[in-house]
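Remarks on the structure that follows.
The values are calculated or read from the model by the stated rules, or taken from the named source; none is laboratory data. What you see is a predicted model; the values in this text were computed from it and never measured. Cβ placement follows ideal geometry from the backbone for every residue including glycine, while neighbour counts extend to all protein chains displayed.
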C-alpha cells in the first residue's frame, strides 16, 4: 500500500512558512508516508530548475511515490484557458524529474472561487516573478487569511446540481484533451477528481473520462466528495472501477471515530473488489497540526485496507 501526504494537509503551516516544500519529502517519509502529493499553487517555484531540485531532494529523502494536483478552468475565456493549459503542460513535463507518477486534475469553473481569486491576486505581479513563486506574498497572505477563517477548505455541498448540457461536458473534454495527450506521452496516470459541479455527478464524470479513454484517463476518487443528497457508497461503487488515484479525506482529530461514522471501510471495500492497486493521498483538513492529523488518518486507513490493527503506519 502506497500512502502519500497531501501538501494541502499542511496548508496553514505551508502558507506561514513553518514548513517549506523543501522539507516536506523528508517529513513525509519520517512519518511513514511513501511520498507527497504536491498542489500546484503551493509549489516553491514553477521554474524547471527548481522543480528538478525538488525532485532530487525527494529522492534523497526516500519519497519514491509522488503525485501532483492541478486544476483547469474548462469554461474560462480562451485567453485564460490557454494560459492555464500551458501552465499545466509545463508542470506535466516536470513530473518525471519530480518523481510524480499520478496527476489529479480538477475541472474548475470560472467565477468567484478560491482558485480564481488567488490567480487574480498572484497575477498582479509581472510574469517573470510569477514563475519563481506561484502565489507571491499577496497571494500567500490572502490564502492564509482565508484558511484561518475556514474558507479555504472544501467542506462539501448540500444538493446535487442539475445535469449539465452535453455541450458543457464536451467543453470539459476539449479542455482536458491536451493534458490527457501529454500525460499519456509521459506515462502518467491522469485522474479527473469527483470535485463538485460537473464532476460531482458520477454519470457526467464517467462520460467525460470515457471520451478520453484512448489516453488512459481515469478517476481521482475522493472518498468523501459527495453531495449531501447523494449516496456516497453507491457513488464510490460507480467510480471505483475507473480509479487511478484515491484521496482519503479526514476532517477530524479522532481518525478512527470519523472513519466509522463515514463507513470508510465499506467504501474501501468497493475499491478492493475492483482490484485497485494505486496510490492513496491522505488529505487532512481538520485542526492543526496537519502532520499529526495526517499520520493518524494514514494509520487508520492502512489498518482498514490491510485488515489489521497493530497500530503501525
Check your understanding: Hey, among 248, 264, which residue is crowded, with 22+ Cβ neighbours inside 10 Å, touching a helix residue (DSSP H, G or I) at 6+ places or on another chain (Cβ under 6 Å) and in contact (Cβ under 8 Å) with a residue 12 or more places away in the chain?
Key -> 248
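Return yes or no: is residue 83 closer than 20 Å to residue 187 by Cβ and surrounded by fewer than 23 Cβ atoms within 10 Å (Cβ to Cβ)? Reasoning before the result, please.
Details: closer than 20 Å to residue 187 by Cβ: no; surrounded by fewer than 23 Cβ atoms within 10 Å (Cβ to Cβ): yes.
Taking the combined requirement at face value, the residue does not satisfy it.
Take the stretch 278-298 and flag every residue that is assigned to a helix (DSSP H, G or I) and closer than 16 Å to residue 224 by Cα. Give the derivation first.
Keep residues of the stretch 278-298 that are assigned to a helix (DSSP H, G or I), which gives 290-298.
Answer for the stretch 278-298, where residues must be assigned to a helix (DSSP H, G or I) and closer than 16 Å to residue 224 by Cα: 294, 297, 298.
Listed residues 242, 230, 272; which is within 28 Å of residue 173 (Cα to Cα) and either out of contact with any strand residue (DSSP E or B) (no Cβ under 9 Å at 6 or more places or on another chain) or at pLDDT below 95 (or both)? Steps first, please.
On the way: 242 fails: either out of contact with any strand residue (DSSP E or B) (no Cβ under 9 Å at 6 or more places or on another chain) or at pLDDT below 95 (or both); 272 fails: within 28 Å of residue 173 (Cα to Cα).
Going through 242, 230, 272 in turn, the sole match is 230.
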Review point. Do you know which residues across the stretch 23-38 are buried (at least 21 other Cβ atoms within 10 Å of the Cβ) and in contact (Cβ under 8 Å) with a residue 24 or more places away in the chain?
Key: 25, 28, 33, 35, 36, 37, 38
Review point. Would it be correct to say that residue 20 is farther than 24 Å from residue 143 by Cα and not in a helix (DSSP H, G or I)?
Key: no
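Yes or no, residue by residue, for (1) closer than 25 Å to residue 13 by Cβ; (2) under 18 Å from the mean Cα position of the chain (by Cα); (3) at pLDDT 75 or above:
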site	(1), (2), (3)
76	no, no, yes
91	yes, yes, yes
94	yes, yes, yes
111	no, no, no
119	yes, yes, no
122	yes, no, no
128	no, no, no
133	yes, no, yes
140	yes, no, no
Check your understanding: Given the stretch 191-277, what helices (runs of 4 or more DSSP H) lie entirely inside it while holding 2 or more residues that are within 30 Å of residue 287 (Cα to Cα) and more than 17 Å from the chain's Cα centre (by Cα)?
Key -> 232-239, 255-261, 264-273
Exercise for review: Consider only pairs whose beta carbons are under 7 Å apart and that are at least six residues apart or on different chains; among these, list those whose first residue lies in the stretch 280-299 and is modelled with pLDDT under 95 and whose second residue is buried (at least 22 other Cβ atoms within 10 Å of the Cβ) and in a helix (DSSP H, G or I).
Suggested key: 286/293
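Based on this model, can you work out whether residue 9 counts as part of a helix (DSSP H, G or I), surrounded by 23 or more Cβ atoms within 10 Å (Cβ to Cβ) and in contact with a helix residue (DSSP H, G or I) (Cβ under 8 Å, 6 or more places away or on another chain)? Spell out how you get there, then give the answer.
Details: part of a helix (DSSP H, G or I): yes; surrounded by 23 or more Cβ atoms within 10 Å (Cβ to Cβ): yes; in contact with a helix residue (DSSP H, G or I) (Cβ under 8 Å, 6 or more places away or on another chain): yes.
Considered against the rule, which asks whether it is part of a helix (DSSP H, G or I), surrounded by 23 or more Cβ atoms within 10 Å (Cβ to Cβ) and in contact with a helix residue (DSSP H, G or I) (Cβ under 8 Å, 6 or more places away or on another chain), residue 9 comes out as yes.
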Exercise for review: Return the pairs, sorted by first residue and then second, in which the second residue is modelled with pLDDT under 95, the first residue lies in the stretch 51-69 and is part of a loop (DSSP other than H, G, I, E, B), the beta carbons are less than 8 Å apart, and the residues are 6+ apart or on different chains.
Suggested key: none
Exercise for review: Would you check which residues across the stretch 144-175 are in a helix (DSSP H, G or I), at pLDDT 95 or above and in contact with a helix residue (DSSP H, G or I) (Cβ under 7 Å, 6 or more places away or on another chain) and list them?
Suggested key: 168, 169, 172, 173, 175
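Per-residue answers, yes or no, for (1) surrounded by fewer than 23 Cβ atoms within 10 Å (Cβ to Cβ); (2) closer than 18 Å to residue 248 by Cα:
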residue: 173; (1), (2): yes, no
residue: 182; (1), (2): yes, no
residue: 187; (1), (2): yes, no
residue: 192; (1), (2): no, yes
residue: 196; (1), (2): yes, yes
residue: 201; (1), (2): yes, no
residue: 206; (1), (2): yes, no
Exercise for review: State yes or no: is residue 235 closer than 24 Å to residue 36 by Cβ and in contact with a helix residue (DSSP H, G or I) (Cβ under 7 Å, 6 or more places away or on another chain)?
Suggested key: no
